[in-house]
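The values are calculated or read from the model by the stated rules, or taken from the named source; none is laboratory data. Just so it is clear, the structure is predicted and the values come from calculations on it, not from any experiment. Don't worry about glycine lacking a Cβ; one is built from the backbone with ideal geometry, like all the others, and counts go over all protein chains shown. Accessible surface areas use protein heavy atoms only, side chains included; no ligands, DNA or RNA. Shrake-Rupley method; radii C 1.70, N 1.55, O 1.52, S 1.80 Å.
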Amino acid sequence: MGCCGDCCAVPSKESRDPLRHDPEFSGPVRNRSCTDVVWLIVFILFLGAWGYVGYYGIKHGNVEQLLAPMDMKGRRCGLDSTLQDKKYLVFFDISECLSPTTAISGCKTPQVCVNECPKETIVFNTGSYTAATFNNWRSKMICVDGINTATMTHVEATQYMKDTKCASYVLKSQSVLGRCFINVTEAIEKIEAFVNYTEDDIVNNLSNLIRYKQIAQDLVQSRWYMLGALVAVVVLCFLYILILRWVVTPVVWVSIVGLLALLAFSCYLCYDQYVFYRGKSAGLYTTSYSLQGFFQTMFSKHQTWLALLIILAIILTIVLLIVIFLRSRITIAIALIREGSKAVIDIKSTVFFPIFPWIIQCGVLAYFATVLVYLLSIGEPEFKVVGLNETCDCGTTYKDQDTCNPSVFLEKCKQVGTTRACEDAICHFSGLVSPHEVNYMHFVNLLGCCWAMFFISGCADMILAGAFSKWYWTFDKRNVPFWTLTAAIYRTVCFHLGTVAFGALIIAIVRVIRIMLEYIDHKLKKFDNPLTRCILCCCKCCFWCLESFLKFINKNAYIMCAVHGKNFCASARDAFSLLMRNIIRVVVLDKVTDFIFFLSKLLLSIGVGFAVYYLMEWGLVYEVTQGQRLHSNYVPAILLGVATYLISTIFFNVYAMAVDTLFLCFLEDCERNDGSSEKKYLMSKDLMRILGKRNKKD
């Protein structure tokens with residue numbers, strides 16, 4: 001039932017020998033028993049513990065405290081001593097936050113905490129907002145700390161707006177997680193009324209908002225076009241798989257020749273640059289210490305181009321020799337890819353099956369993220385005195401970096417010689433002090449996410465392997481049962497969930513170790529220690545290789561388990577032994593299929609993107625549907641290109657699983673049978689022709 005000791009031991013000589021003919025074997029074993037039940041029980045108990053962690057986090061966490069916004073000085077709105085009554089964050093120029101680089105560089109516009117979000121849209125110094133009416137709208141201005149709106153004059157306000165110490169405009173907005181975000185439609189309608197009255201920089205700033213409104217309008221207007229295009233993409237992917245069974249040979253060889261030509265041309269360019277820079281003086285070298293200057297210096301040296309030339313020449317030679325000496329293996333890989341296409345077309349339900357595991361995985365990720373946020377929000381807030389100097393007097397109550405209470409700080413700490421609050425020093429929110437057991441809950445949450453994700457993908461792989469292996473081992477493919485996929489689902493769910501749970505746990509543990517190494521590396525970046533960085537880099541590289549190897553072993557173990565019904569260790573042992581006896585075929589097939597599938601996905605996604613763009617440019621869609629033209633054709637073209645890549649990935653993952661399953665079945669067929677009347681090959685006639693084999697007539 002579980003993984004017994006002899007299963008996990010070193011393979012015996014019998015397991016390393018070629019498989020023997022079994023007259024009773026005709027595909028996936030029908031009479032099978034449950035495998036690795038112990039690990040299924042462990043997985044179920046762990047899911048219960050993970051569920052408890054989620055319950056504990058939701059019950060004791062306080063997300064609002066964790067997500068409190070931070071102003072431009074790093075103070076927490078509603079938490080720090082001077083901001084307890086200011087819970088909302090306002091952006092001076094929200095258009096600055098709409099740049100794609102915001103996620104990397106941050107939002108560069110001033111950000112301040114306020115008592116409430118603006119209730120109306122106002123563009124100052126335009127229309128009725130003049131010096132004569134300044135007293136009526138001064139209270140609606142939003143400025144940085146140190147500026148008193150109650151006493152400033154109109155001239156000062158104008159200068160403050162030019163210096164970005166006060167906002168040039170405010171937008172009607174509502175609170176979203178403590179941040180004041182605008183209602184784009186209402187704001188733009190109001191703002192556009194002021195555009196003709198001013199030539200200040202505000203017009204340029206607001207043009208970004210108008211542009212994003214146009215993008216939003218394009219997305220809304222083209223939603224039905226895009227939905228129809230997505231349906232067409234699904235059909236296109238299915239047709240591409242169907243067509244690939246006939247054109248796979250030219251696609252593979254054109255791709256290989258193209259790769260060789262690209263490498264040869266790269267060698268020529270490197271040689272040309274080498275000759276060019278070899279005859280130049282050192283005056284071309286730059287002295288800049290920036291990253292750009294470093295690359296300019298490096299690529300201005302003829303030694304760099306010589307090194308690249310040698311590396312590319314070696315790669316070109318190796319690839320060329322591989323193609324020459326392994327051309328027959330590549331031919332077998334092409335035939336197997338063609339067989340995989342036939343299997344997918346014959347069992348059409350397998351094409352759409354991965355959508356369901358994908359939806360479940362999205363749910364797992366959502367649960368993991370929710371639990372993570374709540375666990376991070378568990379704990380008591382901790383405040384520390386920051387910026388305390390001789391201008392602020394706290395008596396004997398607090399010193400700099402002491403733990404403090406915001407209310408007590410405001411009461412005891414005053415500006416020297418006054419009764420006003422300190423200008424530089426504050427009682428700053430430094431984080432949450434969480435109970436020690438929360439760290440263990442974070443580990444359970446992370447392991448649960450990895451284990452569940454790999455478990456779901458493992459179940460999908462085993463189900464597909466069961467369906468495609470049944471197709472291969474059926475001598476007359478017209479007799480493949482209609483309920484092949486359903487039968488594979490039944491066998492996996494009823495007998496082999498424990499095997500999948502065990503295999504998923506092995507990879508999940510390695511993935512968790514990799515994540516922990518990344519976390520350690522992030523924490524140690526502030527220590528400039530080359531030895532530490534080298535050790536961590538080696539560890540990360542080793543564990544990445546280990547995870548890739550284990551994924552390869554797991555997939556083939558699932559295939560063998562789907563066919564023969566053995567436990568994980570026995571299936572992994574049999575699959576590994578079979579593959580090692582055919583190692584050259586394995587390497588060639590794996591790389592050729594990966595390359596073909598990548599090219600196919602790239603071709604489909606780029607092709608759909610260009611097709612959508614030029615179709616919108618042509619205007620035929622608008623003439624047929626009587627719709628309005630879009631402001632820009634790039635947005636739907638890019639979105640549909642990305643969506644096509646994701647959809648084609650789902651299709652080609654099924655295709656790849658079909659090829660891997662048929663490959664193992666093909667290797668087993670070659671070892672079990674010899675083509676005699678008692679031991680007929682079950683491979684296709686194309687494969688037999690390529691291998692020079694044939695079935696003898698009775």
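Return the pair list, or none, for Cβ contacts closer than 8 Å from residues in region 341-359 that are farther than 23 Å from residue 479 by Cβ to residues that are small (Gly, Ala, Ser) and open to solvent by 10 Å² or more (accessible area, probe 1.4 Å), at least 6 apart or on different chains.
Close Cβ pairs satisfying both conditions: 354/460; 357/457; 357/460.
Give region 550-569 a look and list any residue that's of a type in the set (A, V, I, L, M, F, W, C) and either loosely packed, with under 12 Cβ neighbours inside 10 Å or more than 24 Å from the chain's Cα centre (by Cα) (or both), or say none.
557, 559, 560, 561, 562, 563, 568, 569
Could you check residue 418 against (1) in contact with a helix residue (DSSP H, G or I) (Cβ under 6 Å, 6 or more places away or on another chain); (2) open to solvent by 40 Å² or more (accessible area, probe 1.4 Å) and say which number it fails?
So residue 418 meets the others, but not (1).
Identify, by number, the condition in (1) open to solvent by 60 Å² or more (accessible area, probe 1.4 Å); (2) in a helix (DSSP H, G or I) that residue 424 doesn't meet.
That leaves (2) as the condition not met.
Take the residues in region 171-189 that are closer than 12 Å to residue 120 by Cβ and buried (at least 16 other Cβ atoms within 10 Å of the Cβ); name whichever of them is modelled with the lowest pLDDT.
Once the filter is applied, the top-ranked residue is 187.
This table checks each residue for (1) of a type outside the set (Lys, Arg); (2) not in a helix (DSSP H, G or I).
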site: 474; (1), (2): yes, yes
site: 478; (1), (2): no, no
site: 486; (1), (2): yes, no
site: 500; (1), (2): yes, no
site: 510; (1), (2): yes, no
site: 514; (1), (2): no, no
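Condition first: under 22 Å from residue 87 (Cα atoms), open to solvent by 50 Å² or more (accessible area, probe 1.4 Å) and in a loop (DSSP other than H, G, I, E, B). Now tell me which residues in region 110-152 satisfy that.
If the condition is that a residue be under 22 Å from residue 87 (Cα atoms), open to solvent by 50 Å² or more (accessible area, probe 1.4 Å) and in a loop (DSSP other than H, G, I, E, B), then 115, 116, 119, 120, 145, 146, 148, 150 are the ones that fit.
Filter region 153-170 for residues that are surrounded by fewer than 18 Cβ atoms within 10 Å (Cβ to Cβ) and aliphatic (A, V, I, L, M) and give the result.
Within region 153-170, just 155 meets the criteria.
Within region 446-467, is even one residue open to solvent by less than 40 Å² (accessible area, probe 1.4 Å), outside any strand (DSSP E or B), touching a strand residue (DSSP E or B) at 6+ places or on another chain (Cβ under 7 Å) and of a type outside the set (Asp, Glu)?
no
Can you confirm whether residue 340 is open to solvent by less than 30 Å² (accessible area, probe 1.4 Å), over 30 Å from residue 437 (Cβ atoms) and small (Gly, Ala, Ser)?
Yes, satisfied.
Can you find even one residue in region 323-334 that is polar (S, T, N, Q), closer than 30 Å to residue 651 by Cα and either in a helix (DSSP H, G or I) or at pLDDT below 85 (or both)?
Within region 323-334 (the criterion being polar (S, T, N, Q), closer than 30 Å to residue 651 by Cα and either in a helix (DSSP H, G or I) or at pLDDT below 85 (or both)), the answer is yes, since at least one residue qualifies.
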